[in-house]
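Engineer: Let me begin by handing over the structure; questions about it come next.
The values are calculated or read from the model by the stated rules, or taken from the named source; none is laboratory data. A quick note: this is a predicted structure, and the numbers were derived from the prediction, not measured. Positions of Cβ are generated from backbone atoms using ideal geometry, with glycine treated the same way; all protein chains shown enter the neighbour counts.
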Amino acid sequence: MGPIVGQSVLAFLYRCIGAVVTFLFGVILARTMAVDEYGVLMSSMALAFIAGTVALIGQQTQLLREMPKLMAQGNHAAIRNIASQRLKLVCLGSITVTFVAAVAFIIGHGRIAIFGRWEYVTWLLLIFPLAMVDMQSAAGRALGSMHLTIAPKDVLWRLLILVLGAAYLLTSRRQLGASDVLLIAIVVLVVLIIAQQACLRRLMGGGPLFSLSAFLSKLSPGLALRAAVPFWATSVASVLFLTMDIVVVSTLVDPEAGAYYYAANRIALLLDFFMAAFSIPAAPYIAQCYDAGHRNQITRFASSGALLAFIAVFAALAVLVVAGRLVLTAFGNAFVHSYGVMLLLSSGSLGSAYLGVGTPALDMTGHQSAAMRIMAVTSFTGVIVMVGATLAFGVWGAAVTATISSLAMKAAMAVHMYRAEGIDITASSKIRELLARFRVALHARKSQTRGSVGSDQECCVNRQN
């Protein structure tokens, strides 16, 4: 667990830095742009992130599933071949998604605010670079580099946009427009892609990750796409799952309640950083152990990580119980009204941490279709119930439904993993192991005490004799 815990701590620190940079990114741009341009920019970037995820067609997860075994074998040629084939599908997906988005832009031009001006079409050029960065991040994750996994997209991208945006402001002395920031973002992504490629070459022992000859070789896209559909569905659903309750509250209650709920949701989401940080290095390790047939090792590893994440989330939840209102005032004094909702959602994060890594475990052990079915059923059922609960009970109905549906999804994944492979990814196995060790130690101590008492009694008898 030592190296994995170290990588998890590094991933957690990067996540926290990324959250801070994202917050500063939003605040600084809001103060340097017109309100309407700022709204267009954030909406365009959100669309670009979703479109980039769709364009990947699940290839980033499939690459992460296949690379650890080959890397353990030192088979760099096979890695290059697989990575190049996956990149070809990402290119096809990016072209398709960009074309569809361009058609939507033309249809919506003049009717929808974010499609109101032709220069806003720049966001379409973000789709392929974002997909490419995710592919490189997946490769870096499989090769054990936390720096490549998180830093480029979560930290450096927004940070470099702020730096170049400030330079643009100083030289042009006019307000930034949405199209200006989008162009800066494209330049930054291209620079990051080149830098990541150099880092991947070093991790591959001096050779390239993507091979031109393998990229141009024949491919059976139908079979490859069918194999990637479950990865594709779960990756897209994961993006949408985090925001569906906010959309429901904002739509069915009112925007003000949606704002309060958003603040509570974002703070509770920070508690998921502990399990997310563990799952980043855990995924390639689980794939490697599974391919080697070491299922017991996966149980020991995953259960230990779940227990560590549970303890960390429990400590963070205790802090929120005491200082949660003070934390909420960072959004504004009125946001203390969402204190109860925040604690409820945070309790869901505590239960989620106990239930383990969930989707990564299923994806890395060949059960991606089951992960897709579980996520689809729980999400679809959760949205339907959430709509009714929100209409009946308001914000609390949405919060309760979101918490239950999230826990139901993680519990179903843990149960499936145990039934299918005999692998326990929850914290239960580690807790039982620790309790057994405690009982053995306690029994040994009692036996030692009894032996010591018996020895003393024997000494007394001998002295009397």
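Engineer: Which of the following residues is closer than 20 Å to residue 435 by Cα and either assigned by TED's automatic domain parsing to the domain that holds residue 415 or of a type outside the set (Asp, Glu) (or both): 308, 320, 326?
Structural biologist: It is 308.
Engineer: Does any residue of region 285-294 turn out to be surrounded by fewer than 19 Cβ atoms within 10 Å (Cβ to Cβ), modelled with pLDDT under 90 and assigned to a helix (DSSP H, G or I)? Outline the logic, then answer.
Structural biologist: Residues of region 285-294 that are surrounded by fewer than 19 Cβ atoms within 10 Å (Cβ to Cβ), as a first pass: 291-294.
Narrowing further to those that are modelled with pLDDT under 90: 291-294.
Now drop any that are not assigned to a helix (DSSP H, G or I), which leaves 291.
Among the residues of region 285-294, at least one is surrounded by fewer than 19 Cβ atoms within 10 Å (Cβ to Cβ), modelled with pLDDT under 90 and assigned to a helix (DSSP H, G or I), which makes the answer yes.
Engineer: Can you find a residue that is polar (S, T, N, Q), under 26 Å from residue 361 (Cβ atoms) and in contact with a Lys or Arg (Cβ under 9 Å, 6 or more places away or on another chain) anywhere in region 44-60? Give the steps one after another, and end with the answer.
Structural biologist: Start the filter on region 44-60 by keeping residues that are polar (S, T, N, Q), which leaves 44, 53, 59-60.
Narrowing further to those that are under 26 Å from residue 361 (Cβ atoms): 53, 59-60.
When the remaining residues are screened for being in contact with a Lys or Arg (Cβ under 9 Å, 6 or more places away or on another chain), the result is 59-60.
Yes, region 44-60 has at least one match.
Engineer: From (1) of a type in the set (A, V, I, L, M); (2) more than 18 Å from the chain's Cα centre (by Cα); (3) within 30 Å of residue 63 (Cβ to Cβ), pick out the condition that doesn't hold for residue 362.
Structural biologist: (2)
Engineer: On the basis of being part of a helix (DSSP H, G or I), among the aliphatic types (A, V, I, L, M), at pLDDT below 80 and more than 30 Å from residue 304 (Cα to Cα), does residue 21 make the cut?
Structural biologist: For residue 21, the condition - part of a helix (DSSP H, G or I), among the aliphatic types (A, V, I, L, M), at pLDDT below 80 and more than 30 Å from residue 304 (Cα to Cα) - is not met.
Engineer: Output the residues belonging to region 385-415 that are in contact with a Leu (Cβ under 8 Å, 6 or more places away or on another chain), over 12 Å from residue 261 (Cβ atoms) and of a type outside the set (D, E, K, R).
Structural biologist: 387, 391, 400, 403, 407, 411, 413, 414
Engineer: Could I ask something else about it? Going by the structure shown, is residue 65 at pLDDT below 80, of a type in the set (Lys, Arg) and in a helix (DSSP H, G or I)? First the steps, then the outcome.
Structural biologist: Numbers: at pLDDT below 80: no; of a type in the set (Lys, Arg): yes; in a helix (DSSP H, G or I): yes.
It is false that residue 65 is at pLDDT below 80, of a type in the set (Lys, Arg) and in a helix (DSSP H, G or I).
Engineer: Inspect all residues belonging to region 119-127 and state whether any of them is of a type in the set (D, E, K, R) and either touching an Asp or Glu at 6+ places or on another chain (Cβ under 9 Å) or surrounded by fewer than 20 Cβ atoms within 10 Å (Cβ to Cβ) (or both).
Structural biologist: Yes, because at least one residue in region 119-127 is of a type in the set (D, E, K, R) and either touching an Asp or Glu at 6+ places or on another chain (Cβ under 9 Å) or surrounded by fewer than 20 Cβ atoms within 10 Å (Cβ to Cβ) (or both).
Engineer: Which of the following residues is under 19 Å from residue 275 (Cβ atoms) and aliphatic (A, V, I, L, M): 313, 341?
Structural biologist: Result of the check over 313, 341: 313.
Engineer: Would a scan of region 172-181 turn up a residue that is surrounded by 17 or more Cβ atoms within 10 Å (Cβ to Cβ), touching a helix residue (DSSP H, G or I) at 6+ places or on another chain (Cβ under 6 Å), free of Cβ contacts under 8 Å to residues at least 24 places away in the same chain and more than 24 Å from residue 232 (Cα to Cα)?
Structural biologist: The answer is no; no qualifying residue exists.
Engineer: Out of contact with any Leu (no Cβ under 8 Å at 6 or more places or on another chain) and either polar (S, T, N, Q) or more than 20 Å from residue 22 (Cβ to Cβ) (or both) - does that describe any residue in region 266-279?
Structural biologist: yes
Engineer: Would you point out the residue of region 214-238, among those that are at pLDDT below 70 and either surrounded by 18 or more Cβ atoms within 10 Å (Cβ to Cβ) or part of a helix (DSSP H, G or I) (or both), that is nearest to the chain's Cα centre (by Cα)?
Structural biologist: Ranking the candidates gives 228 first.
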